[in-house]
1. Quick check on the range 77-107: of everything there that is of a type in the set (A, V, I, L, M, F, W, C), over 24 Å from residue 284 (Cα atoms) and in contact with a Ser or Thr (Cβ under 8 Å, 6 or more places away or on another chain), which residue is nearest to the ligand (Cβ to nearest atom)?
2. Only one of (1) out of contact with any Leu (no Cβ under 8 Å at 6 or more places or on another chain); (2) of a type in the set (A, V, I, L, M); (3) within 14 Å of the ligand (Cβ to nearest atom) fails for residue 70. Which number is that?
3. Of the residues that sit in the range 154-163 and are modelled with pLDDT of 95 or more and surrounded by fewer than 22 Cβ atoms within 10 Å (Cβ to Cβ), which one is farthest from the ligand (Cβ to nearest atom)?
4. Taking residue 157 as meeting all but one of (1) at positive phi; (2) under 18 Å from the mean Cα position of the chain (by Cα), write down the number of the exception.
5. Being outside the structural domain of residue 198 (by TED's automatic domain parsing), touching a helix residue (DSSP H, G or I) at 6+ places or on another chain (Cβ under 6 Å), under 22 Å from residue 262 (Cα atoms) and hydrophobic (A, V, I, L, M, F, W, C) is the requirement here; does residue 58 meet it?
6. Do any residues in the range 39-56 that are under 14 Å from residue 23 (Cβ atoms) have Cβ atoms under 6 Å from those of residues that are aromatic (Phe, Trp, Tyr) and not in a helix (DSSP H, G or I), where the two are at least six apart or on different chains, and which pairs are they?
7. Considering only the range 81-101, state which residues are assigned to a helix (DSSP H, G or I), over 15 Å from residue 127 (Cα atoms) and either of a type outside the set (Gly, Ala, Ser) or out of contact with any Lys or Arg (no Cβ under 7 Å at 6 or more places or on another chain) (or both).
8. Out of everything in the range 206-227 that is within 11 Å of the ligand (Cβ to nearest atom) and under 29 Å from residue 150 (Cβ atoms), what residue ends up being surrounded by the fewest Cβ atoms within 10 Å (Cβ to Cβ)?
Amino acid sequence: MTRTAPRPLIPPEPEISDFSNAEFRRVADYAQREFGLVLQENKKQVVQSRITRLLQEFQCRDIASFCSRLESGDFQAEREAFVTALTTNVTSFFREAHHFDIFAENLLKPSLSGLRSGQRLRVWSAGCSAGQEPYSVAMRILDLLPDAAKLNIRILATDIDPAIIAKARAAVYPAEEARGIPPAFRKSFITTRAAGCFSPDPCVTGLIRFAELNLVGDWPMRGPFDAIFCRNVAIYFDKPTQARLWSRFAALLRPGGLLFIGHSERISGPAMNHLVSAGITTYRRSKDIKG
Ligand SMILES: C[S@@+](CC[C@H](N)C(=O)[O-])C[C@H]1O[C@@H](n2cnc3c(N)ncnc32)[C@H](O)[C@@H]1O
């Protein structure tokens, strides 16, 4: 059951003294256990200032009572705000552009005739932030397959942060962000809106289904996926969580499917036996495991 703490008439002033080491550990342990997020000691100041804002927002007297709410599992709003406060949503259209070239050249182009006659294509953008990554994938697909909406082609885009998923669904971006989109795609796939904003066209948004999903929790989908983009997300996780994540991706990819990861991330652990390098921070699932 989700509860909201009763709001007192005169809210107490939160105690904004420095986090003790024990308080920092309590916050960090919760972030790691629930979301796989690693909060380094040297980020203590940043974490403290973000959590202090949450204490004010939720009218919590001190960090101990905020942690108690989180740990009880009953306070969904606090949990969501905690994730939003501690994750980084930095992203852009066609970020690490070589991935979209590899996706088009190695995966789409060899399958064009099959895809035109109903072959299935499933792509997962895992940790999609405000949607720029899956919309970039969709534009690449539409460039080669203008009728993609009528074909068996779907993109799943997930993120742990409900606020950012709402933004992704809304799909309204400041005009400056269009600079990352290749000019031909700008012409074909986006529409300028009032007040210096633009949106991807319905043919782009229509290919994508957005959902909230914690990569460290259970996953409802069974796959197989032809491509998974999980870029600049695992970098926030500890090593064992990263290794587990790579193995779970390998199991959900079809043999020959591609995994794209962030520029400062590396595949580690047992997944290394099943994912072979296929370009810069790109891996192909080998054919030797049962998926
Ligand atoms: C830096 S953004 C990367 C966005 C995009 N993939 C890119 O490379 O541009 C990291 C995203 O990962 C999400 N994230 C962090 N921890 C997560 C978790 N445990 N499960 C799912 N998403 C998570 C954050 O909410 C954030 O939107």
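The values are calculated or read from the model by the stated rules, or taken from the named source; none is laboratory data. Since this is a predicted model, take the numbers as computed values, not measurements. With ideal geometry, Cβ positions are generated from the backbone for all residues, glycine too; neighbour counts draw on all protein chains shown.
1. Taking the range 77-107 and keeping what is of a type in the set (A, V, I, L, M, F, W, C), we get 77, 81-83, 85-86, 90, 93-94, 97, 100, 102-104, 107.
Now narrow it down to the ones that are over 24 Å from residue 284 (Cα atoms): 77, 81-83, 85-86, 90.
Cutting the leftovers down to in contact with a Ser or Thr (Cβ under 8 Å, 6 or more places away or on another chain) gives us 77, 90.
Details: 77: 17, 90: 5 Å.
Result: 90.
2. Failing condition for residue 70: (3).
3. Kept after step one, since they are modelled with pLDDT of 95 or more, are these residues of the range 154-163: 154-159.
Those still in the list that are surrounded by fewer than 22 Cβ atoms within 10 Å (Cβ to Cβ) too: 154, 156.
Working: 154: 18, 156: 13 Å.
Residue satisfying both the conditions and the ranking: 154.
4. Unmet for residue 157, out of (1) at positive phi; (2) under 18 Å from the mean Cα position of the chain (by Cα): (1).
5. Working: outside the structural domain of residue 198 (by TED's automatic domain parsing): yes; touching a helix residue (DSSP H, G or I) at 6+ places or on another chain (Cβ under 6 Å): yes; under 22 Å from residue 262 (Cα atoms): no; hydrophobic (A, V, I, L, M, F, W, C): yes.
Considered against the rule, which asks whether it is outside the structural domain of residue 198 (by TED's automatic domain parsing), touching a helix residue (DSSP H, G or I) at 6+ places or on another chain (Cβ under 6 Å), under 22 Å from residue 262 (Cα atoms) and hydrophobic (A, V, I, L, M, F, W, C), residue 58 comes out as no.
6. That search, which allows pairs on different chains as well, returns 48/19.
7. Step one: filter the range 81-101 for residues assigned to a helix (DSSP H, G or I), giving 81-86, 98-101.
Those left that are additionally over 15 Å from residue 127 (Cα atoms): 81-82, 85, 98-101.
81, 82, 98, 99, 100, 101, listed by residue number.
8. Of the residues in the range 206-227, the ones within 11 Å of the ligand (Cβ to nearest atom) are 211-217, 219.
From what's left, under 29 Å from residue 150 (Cβ atoms): 211-213, 219.
Values: 211: 12, 212: 14, 213: 21, 219: 14.
Among residues in the range 206-227 that are within 11 Å of the ligand (Cβ to nearest atom) and under 29 Å from residue 150 (Cβ atoms), the one surrounded by the fewest Cβ atoms within 10 Å (Cβ to Cβ) is 211.
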